[in-house]
Amino acid sequence: MKSILFAAAAVLGTSAFLTNAAAQTTILNVSYDPTRELYSEYNAAFAKHWKEKTGQDIKIDASHGGSGKQARSVIDGLPADVVTLALAYDIDSLAAKGNLLPADWQKRLPHNSSPYTSTIVFLVRKGNPKGIKDWPDLIKGDTQVITPNPKTSGGARWNYLAAWADALKKNNGDEAKAQEFVAELFKHVPVLDSGARGSTVTFTERGIGDVLLAWENEAYLALKEKPDAFEIVTPPLSILAEPPVAVVDKVVDKRGTREVATEYLKYLYSPEGQDLAGKNFYRPIEDAAKAKYARQFAETKLVTIDDTFGGWKKAQATHFADGGTFDQIYKPTGN
Amino acid sequence: MGKRFILPGFGLTLGYTLVYLTLIVLVPLSALFLKTESGGWQHFWNTITSPQVVASYKVSFGISLIAALINGVFGVIAAWVLVRYRFPGRRLLDAIVDLPFALPTAVAGIALTTLYAPNDWIGHLFAYNQPLGSFISPQTPFGAWLATQGWAKDFLGREGLRIAFSQLGIFIALTFIGMPFVVRTVQPVIQDLHLDVEEAAACLGATRLQAFTRVILPGLLPAIFTGVTLAYGRAVGEYGSVIFIAGNLPFKTQITPVLIVSKLEDYDYSGAAGLGFVMLLASFVILLLSNGFQAWDNRRRGVA
């Protein structure tokens, strides 16, 4: 019954959309969870830029949710002109499973198609009562850690891999020890939300847990909302998260929006785009914005997914696929 | 069909019913079945019998059953009060019963989580340093004993009883969404009970308890069973409210529908469809039971 309703809604939606398109070009940006604030600002800035450049009005719709879920919606037919997701693997899936863009999409824009980067940090309660400074502190005593489920959340995969990378480093590359550490870490997780925003709400609003493993930008956003309630701890080692962007070729060719969609992504690399990224607590990649926002972020050593894990495809298969290291963590409790 | 009906149109309406049912129900179900088959039977079997999935059945079906049974008791009491007594605000109360039907389940889930999370309205009452929570505080003998029990471990948080994000939270959400099913099924049957039968029982010397267990309850039982199975069927398939209040921890608070979504995230469409198929079979059995009880009820009441 649901699928029929969906079909009906899709038909209604499309027809509304077609009548709309005659008056004004619309593009859809399908993004992940914590980019809401960034793109609501950026979309307004880009609409202005496009109007100045071409004289055309443009309307940008944004859709947000768990990165994996968003990718799947696009594969299932959500007409995304551009995708701005949490990790390259999800856009790889669009290429591999949906054939929506070429496999080498990541080479089309500078810096691995990632106009901003981020990392994983700890958000702790004011005064840091548990004294959390580094990854091993997370599994001390009855410390409770909040992270979403890596099966459903892109951010959680970065969390998981950052923890793994740190344990590898501290144990001279011993994979078994790293697995042990991450397994122990997840024993300290009382709630497993499906997306990054859900976990933030669990930690900040519901008051559960001592530390939230979070996107850096998400942590700063939470801190901005309630500066008296939290503190950010940047661990000495974390992972370089590169949330990539791409034009979805199949969609833009069908809709005739390639030009505007391409410009939409290119503008992210412009001084204005970079400034907005920095303002929303993403780490800019161009030098000017980088220098301007450098003081906002703590120094930390960042490892990359390619060096430590051999790229996303391998990391996905080893850790998050069915029967991977994450599945091995949870065993029947026997009671 | 030699018999002549007073109203014409049997052929037309039957045709319409078949087309309607096919479009709305059968086509999506066949699609589900085909999708399941596309992964191969080995994959299907491995998926539906993996330990994590089996644990989620226990959570889904077990907690749903408890919630439905609780509704079986308190839903009947509510129906009884609404039918038998006249009091100010009765109609309002009657309308409130339907709220869980009408409320978007996500809203229900968020509202319940906001009530029962440890630092919120109801949740904080069960902290160990509050009067209600002090009973189970590890400092008391009972609390200390409780802490040694394996089954209670998941409910005893650091600072107090864990309602949201434990199986208790799932239970509360499922009770909430199932309640109207029992009330609305039992209500008309209570309405049909004749007072004079009870009076006759009293005249013949039955005690109140006897009148209830021998005269009233047998009449209500089929309707109660129907209501409970409907509430059960609804609870088994519930997703929207539970994901907010459950902690979604594998083997502890993960319900089967969450695993279906998780399979989808993994692009394991056939696995997700396989789990959907198992849920579908379960729902079908539950609804069949419900229909059986209804038929029994009709026979008893001499309707059919």
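The values are calculated or read from the model by the stated rules, or taken from the named source; none is laboratory data. Values in this document were obtained by computation on a predicted structure and should not be read as measured data. Note: ideal-geometry Cβ built from the backbone for every residue, glycine included; neighbour counts use all protein chains shown.
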Output the number of residues of the range B:140-154 satisfying the condition of being outside any loop (DSSP other than H, G, I, E, B) and within 12 Å of chain A (Cβ to nearest Cβ). 5
Within the range B:178-197, take every residue that is over 18 Å from B:Val73 (Cα atoms) and touching a residue at least 12 places away in the same chain (Cβ under 8 Å) and give me the one that is surrounded by the most Cβ atoms within 10 Å (Cβ to Cβ). B:Leu193
Since A:Lys224 meets every condition but one in (1) under 30 Å from A:Trp105 (Cα atoms); (2) part of a helix (DSSP H, G or I), which condition does it not meet? (1)
Within the range A:285-312, work out how many residues are closer than 25 Å to A:Lys169 by Cβ, among the charged types (D, E, K, R) and not in a helix (DSSP H, G or I). 2
All but one of (1) assigned to a helix (DSSP H, G or I); (2) farther than 30 Å from B:Thr148 by Cβ hold for A:Gln328; state the number of the condition that does not hold. (2)
Criterion first (more than 20 Å from the chain's Cα centre (by Cα) and touching a residue at least 60 places away in the same chain (Cβ under 8 Å)) does B:Phe61 satisfy it? no
Per the filter on the range A:248-259, residues of a type in the set (A, V, I, L, M) and surrounded by fewer than 23 Cβ atoms within 10 Å (Cβ to Cβ) are A:Val252
Restricting the first residue to the range B:125-145 and requiring it to be free of Cβ contacts under 8 Å to residues at least 12 places away in the same chain and on the phi < 0 side of the Ramachandran plot, which pairs with a second residue that is among the β-branched types (Val, Ile, Thr) and assigned to a helix (DSSP H, G or I) meet a Cβ separation below 9 Å and a spacing of at least six or different chains? B:Phe142/B:Ile136
When you check A:Tyr32 against the structure, is it within 14 Å of chain B (Cβ to nearest Cβ), surrounded by 20 or more Cβ atoms within 10 Å (Cβ to Cβ) and at pLDDT 90 or above, yes or no? yes
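For the range B:183-203, how many residues meet the condition of being hydroxyl-bearing (Ser, Thr, Tyr) and within 12 Å of B:Gly219 (Cα to Cα)?
The initial filter retains those residues of the range B:183-203 that are hydroxyl-bearing (Ser, Thr, Tyr), namely B:185.
Remaining after also requiring within 12 Å of B:Gly219 (Cα to Cα): none.
Here the count works out to 0.
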Within the range B:225-304, considering only helices (runs of 4 or more DSSP H) that don't extend past its boundaries, which have at least 1 residues that are away from chain A (no Cβ under 12 Å) and either surrounded by fewer than 19 Cβ atoms within 10 Å (Cβ to Cβ) or of a type in the set (Gly, Ala, Ser) (or both)? B:269-301
Meets criteria (at pLDDT below 95, surrounded by fewer than 18 Cβ atoms within 10 Å (Cβ to Cβ) and at positive phi) for A:Gly13: no
Consider the range B:71-105. How many of its residues are hydroxyl-bearing (Ser, Thr, Tyr) and more than 14 Å from the chain's Cα centre (by Cα)? 1
Of the residues that make up the range B:7-23, is at least one surrounded by fewer than 16 Cβ atoms within 10 Å (Cβ to Cβ), away from every other protein chain (no Cβ under 14 Å) and within 24 Å of the chain's Cα centre (by Cα)? no
Among the residues of the range A:35-71, write down those that are free of Cβ contacts under 8 Å to residues at least 12 places away in the same chain and either closer than 23 Å to A:Asn280 by Cα or within 13 Å of chain B (Cβ to nearest Cβ) (or both). A:Ala44, A:Lys48
Quick test for you: out of A:Ala315, A:Ala246, A:Ala277, pick the one residue that is touching a residue at least 24 places away in the same chain (Cβ under 8 Å) and not in a helix (DSSP H, G or I). A:Ala246
Residue selected from the range B:24-52 under the condition away from chain A (no Cβ under 11 Å) and not in a helix (DSSP H, G or I), by the criterion nearest to B:Leu249 (Cα to Cα): B:Gly39
